[in-house]
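K.L.:
There's a structure below that I have some questions on.
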Amino acid sequence: MCKKSLAAHGSQSPLFLRRVRMSELKSLYEVADAFARDANVSKAESEVRYRRSVLDPEAFWREVAQDFEWLRAPTRIKNTSFDLNDFRIRWFEDGEMNVSVNCLDRHLADNGDKTAIIFESDDPNAPARTLTYKELHAEVCKLGNALRNLGVQKGDRVSIYLPMIPEAAIAMLACARIGAVHSVIFGGFSANSIADRVADCGSKLIITANEGARAGKYTPLKKNVDDALNLPGTTSVQTVLVVRHGPSTVDMQMPRDRWYDAVMDGQPETCAPEPMNAEDPLFILYTSGSTGKPKGVLHTTAGYLIYAAYTFKTVFDQKPDDIFWCTADVGWITGHSYVVYGPMANAATVLMFEGVPSWPNASRFWEVVDKHKVTIFYTAPTAIRALMREGDAPVKRTSRKSLRLLGSVGEPINPEAWRWYYDVVGDARCPIVDTWWQTETGGILISPIAGATAMKPGSASLPLPGVQPALVDAAGTLLTGEAEGNLVILDAWPGIMRTVYGDHQRFIETYFKTYPGMYFTSDGCRRDADGYYWITGRVDDVINVSGHRLGTAELESAIVLHPSVSEAAVVGYPHDLKGQGVYAYVTLKEGVEADDALAKEIVALVRKEIGPIALLDQLQWAPALPKTRSGKIMRRILRKIAENATDQLGDTSTLADPAVVDQLVADRKNH
Ligand code: WTA
């Protein structure tokens, strides 16, 4: 990947090449004095905080919790144990609060007229829409009342399938207000994926829109919901609320379907917040794992909110005048924690953008930055790499002088992309926070603290307060000093997920059994001599495509639904833009001819089953798959073949039929 991106620049002037080579020598970027002077957290303070947080987590988090509004202040702060015989994760357990009160009501006195949300449409010519905290509060209250009128009660699940529009944040906060548990489904998922998620959590109501827009193309969101509700297992849904967004007309099935604006009409602008115990569920978010269907990651009230809010303020050095733009969709955890909950708990101004980086042209991100004077910009390496490929000109024709801080999330950022982001986008003026975390962790765990931590391109750097990472070898032995191994976390932090919805055993099995007594991240990682962490990527069967998690098991199940397919195995392989691409090996039933038309059908089937984000980048016909004598597919070998690293296949003697590998290697060469 690195070689390729350098090669892409090779066509540019020798001057540019020289600059890349010289800057490559620089591997440590100290915090600039100008930034450190006004930073919320100094280097010394970050070290003191870290020590305190580890030595006395109770005292540390008790103090952080004081900045929140409680209906009943917690007296018990941390009650956690990863020990399998005494497993428990409870934070602030006797406290009571309401998340929407913390994100809205408590800002009204001082920040009521401050902009909460700036909405930038997909269409660059559409006027921006803004909501102040007062207006957002009113909308959330109206929707909270409307939901209650529709019979939604505390603990009920509500699915949200919306584009990146303010109503997505309003819907999440309205659920929080009345104690309903939201489950946001990314707009790039298909009807089948919606149905799976709705069926798993038994949601009572779905909030959607007639359509969503991306790069001038329209997604029929309501139609996808209709199709989903025709599938088995979805009868729990009583009501579908439809936000009017864009011109398309949709079928409304009365009395099930209701227009959002109609149910909002006339609702009072105040709504009594539901008192929630600290450990009451706040939301479920489905994410892919190694096996089976996506799991419903469950986050609870106080621990999640406090962790999202604390990490937002700390990592991004947030100040009252900042305009914060996180480009993640609210369908992912990044959108939950750093578009909605973290920023809003801090009364920040957030920008929500419905569009894509490269439409109508490759300057769009930077034009939006200039238009709204964005100060902090947080995006994914895949977007940075895609824009880097377009060269410097689309960036340089914009000002970007409002920017003061940049962030990266979702996958490892290669040093070339880091340097381009730093030098070209940030004009060598803005620090970069490379934030490592997961859906399961609720908020950022390892990241530089802007203004406090020196940066190394490609390293997520150091753990945040309260986070105790460690590396273990395959046997679970803790590795000290400079080392490479599997990344685990030794003790609980407030934002950790509490369970897999409806399957607590799966939660324990997935995260705490591999290395008993530790949370296993499923990421590989290296620690250097300075104690900096370098995430190397997933070590399980999750493929990280453009920062989106796809499980190989889900993809394989979708492929084998095709009547001509007998078997399939999917692996990830390095991809220049997406980080990882999806490589599928497909075995057809006896007598079926392999051809391009069939390959297209299979690709289309997976898209239909999971959604447009599930694209098979490569499909190789496999006469058979390499298996052990006990019938287990040897993915290690398939990965090497996909990577074209056929000289590193390792020991194939344990295979039932080693000749299978020779055939796949030969076919790969012609592929
Ligand atoms: C990967 C997204 C390297 C990692 C917040 C993790 C990263 C998975 C980084 C979680 C980073 C996320 N550097 N890798 N800064 N951030 N990852 O659940 O493999 O969508 O396990 O959460 O993304 O993806 P998820």
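The values are calculated or read from the model by the stated rules, or taken from the named source; none is laboratory data. Owing to the predicted nature of the structure, the values given are computational and were not obtained by experimental measurement. Note that we place each Cβ from the backbone using ideal geometry, even for glycine, and neighbour counts take in every protein chain shown.
K.L.:
If you check Val99 against the conditions, is it modelled with pLDDT of 95 or more and either surrounded by fewer than 22 Cβ atoms within 10 Å (Cβ to Cβ) or under 22 Å from the mean Cα position of the chain (by Cα) (or both)?
P.N.:
Answer is yes for this residue.
K.L.:
Further question on the same structure: How many of the residues in the range 551-579 are surrounded by 22 or more Cβ atoms within 10 Å (Cβ to Cβ), within 16 Å of the ligand (Cβ to nearest atom) and assigned to a strand (DSSP E or B)?
P.N.:
Qualifying residue count, the range 551-579: 4.
K.L.:
Just give me the residues in the range 580-590 being of a type in the set (A, V, I, L, M, F, W, C) and surrounded by fewer than 23 Cβ atoms within 10 Å (Cβ to Cβ), in sequence order.
P.N.:
Leu588
K.L.:
Within the range 349-361, does at least one residue satisfy the condition of being away from the ligand (no atom under 16 Å from the Cβ) and hydroxyl-bearing (Ser, Thr, Tyr)?
P.N.:
Yes - at least one qualifying residue is present in the range 349-361.
K.L.:
Using beta carbons and a limit of 9 Å, which pairs, at least six apart or on different chains, have the first residue in the range 422-449 and more than 19 Å from Tyr29 (Cβ to Cβ) and of a type in the set (Phe, Trp, Tyr) and the second one more than 11 Å from the ligand (Cβ to nearest atom) and part of a loop (DSSP other than H, G, I, E, B)?
P.N.:
Trp437/Gly495
K.L.:
For a quick check of your reading: which strands (runs of 3 or more DSSP E) sit entirely within the range 365-479 and have at least 2 residues that are more than 15 Å from the ligand (Cβ to nearest atom) and more than 29 Å from Ala345 (Cβ to Cβ)?
P.N.:
Hits in the range 365-479: 469-472.
K.L.:
Return the total of residues in the range 319-339 being more than 16 Å from the ligand (Cβ to nearest atom) and either over 25 Å from Ala36 (Cα atoms) or crowded, with 23+ Cβ neighbours inside 10 Å (or both).
P.N.:
Matching residues across the range 319-339 total 2.
K.L.:
While we're looking at this one, here's another question. Of all the helices (runs of 4 or more DSSP H) wholly in the range 38-104, which have at least 1 residues that are free of Cβ contacts under 8 Å to residues at least 24 places away in the same chain?
P.N.:
43-55, 57-65
K.L.:
Could you look through the range 480-491, keep only residues that are surrounded by fewer than 18 Cβ atoms within 10 Å (Cβ to Cβ) and assigned to a strand (DSSP E or B), and pick out the one that is farthest from the ligand (Cβ to nearest atom)?
P.N.:
It comes out as Ala483.
K.L.:
May I ask you to say which residue of Ala180, Ala169, Ala209, Ala146 is under 21 Å from the mean Cα position of the chain (by Cα) and either crowded, with 18+ Cβ neighbours inside 10 Å or closer than 21 Å to Val263 by Cβ (or both)?
P.N.:
Just a single option satisfies the conditions, and that option is Ala169.
K.L.:
Tell me which residues, restricted to the range 135-191, are touching a Cys at 6+ places or on another chain (Cβ under 7 Å) and more than 14 Å from Ile207 (Cα to Cα).
P.N.:
Answer for the range 135-191, where residues must be touching a Cys at 6+ places or on another chain (Cβ under 7 Å) and more than 14 Å from Ile207 (Cα to Cα): Cys141, Asn145, Arg177.
K.L.:
Can you find, within the range 223-272, the residue that is farthest from the chain's Cα centre (by Cα) among those that are among the hydrophobic types (A, V, I, L, M, F, W, C) and loosely packed, with under 13 Cβ neighbours inside 10 Å?
P.N.:
Met254
K.L.:
Of the numbered conditions (1) assigned to a helix (DSSP H, G or I); (2) over 20 Å from Leu147 (Cβ atoms), Asp261 fails exactly one; give the number of that condition.
P.N.:
(2)
K.L.:
Okay, moving on. Would you confirm whether or not the range 578-590 contains a residue that is in contact (Cβ under 8 Å) with a residue 40 or more places away in the chain and in contact with a Leu (Cβ under 7 Å, 6 or more places away or on another chain)?
P.N.:
Yes, the range 578-590 contains at least one residue that is in contact (Cβ under 8 Å) with a residue 40 or more places away in the chain and in contact with a Leu (Cβ under 7 Å, 6 or more places away or on another chain).
K.L.:
For residues that are surrounded by 18 or more Cβ atoms within 10 Å (Cβ to Cβ) and hydroxyl-bearing (Ser, Thr, Tyr), scanning just the range 529-550, find the one that is farthest from the ligand (Cβ to nearest atom).
P.N.:
Residue satisfying both the conditions and the ranking: Tyr532.
K.L.:
Which one is surrounded by the fewest Cβ atoms within 10 Å (Cβ to Cβ) among residues in the range 370-398 that are of a type in the set (A, V, I, L, M, F, W, C) and under 21 Å from Ser546 (Cβ atoms)?
P.N.:
Ala386
K.L.:
Contact list please: Cβ distance under 6 Å, first residue in the range 540-556 and within 16 Å of Gly611 (Cβ to Cβ), second residue basic (Lys, Arg) and more than 9 Å from the ligand (Cβ to nearest atom), pairs at least six apart or on different chains.
P.N.:
From residues that are within 16 Å of Gly611 (Cβ to Cβ), the pairs are Val545/Lys578; Ser546/Lys578.
K.L.:
From (1) within 21 Å of the chain's Cα centre (by Cα); (2) buried (at least 24 other Cβ atoms within 10 Å of the Cβ), pick out the condition that doesn't hold for Gly292.
P.N.:
(2)
K.L.:
Checking Arg526 against (1) assigned to a strand (DSSP E or B); (2) more than 12 Å from the ligand (Cβ to nearest atom), only one condition comes out false. Which one?
P.N.:
(2)
K.L.:
Okay, moving on. Within the range 492-513, is even one residue in a loop (DSSP other than H, G, I, E, B), over 23 Å from the mean Cα position of the chain (by Cα) and among the basic types (Lys, Arg)?
P.N.:
yes
K.L.:
What are the pairs, 6+ residues apart or on separate chains, where a residue within the range 391-408 that is over 13 Å from Val433 (Cα atoms) has its Cβ under 6 Å from a residue that is surrounded by fewer than 17 Cβ atoms within 10 Å (Cβ to Cβ)?
P.N.:
Qualifying pairs under 6 Å: Thr398/Asp370; Ser399/Asp370; Ser402/Lys373.
K.L.:
Can you find a residue that is in a loop (DSSP other than H, G, I, E, B), of a type in the set (Val, Ile, Thr) and surrounded by fewer than 24 Cβ atoms within 10 Å (Cβ to Cβ) anywhere in the range 348-362?
P.N.:
yes
K.L.:
Now for a different question. Select from the range 492-518 the residues that are among the polar types (S, T, N, Q) and within 30 Å of Val198 (Cβ to Cβ) and write down the one among them that is surrounded by the fewest Cβ atoms within 10 Å (Cβ to Cβ).
P.N.:
Gln505
K.L.:
Sticking with this one: Please go through the range 658-670 and pick out each residue that is surrounded by 14 or more Cβ atoms within 10 Å (Cβ to Cβ) and either of a type in the set (S, T, N, Q) or farther than 14 Å from Leu638 by Cα (or both).
P.N.:
Gln663 - this is the single residue of the range 658-670 that is surrounded by 14 or more Cβ atoms within 10 Å (Cβ to Cβ) and either of a type in the set (S, T, N, Q) or farther than 14 Å from Leu638 by Cα (or both).
K.L.:
OK, next. Would you confirm whether any residue within the range 203-210 is farther than 21 Å from Ile178 by Cα, in contact with a His (Cβ under 7 Å, 6 or more places away or on another chain) and in contact (Cβ under 8 Å) with a residue 12 or more places away in the chain?
P.N.:
yes
K.L.:
Can you report the number of residues in the range 318-370 which are over 28 Å from Ser42 (Cβ atoms), in contact with a helix residue (DSSP H, G or I) (Cβ under 6 Å, 6 or more places away or on another chain) and polar (S, T, N, Q)?
P.N.:
Residues flagged as over 28 Å from Ser42 (Cβ atoms), in contact with a helix residue (DSSP H, G or I) (Cβ under 6 Å, 6 or more places away or on another chain) and polar (S, T, N, Q) within the range 318-370 amount to 1.
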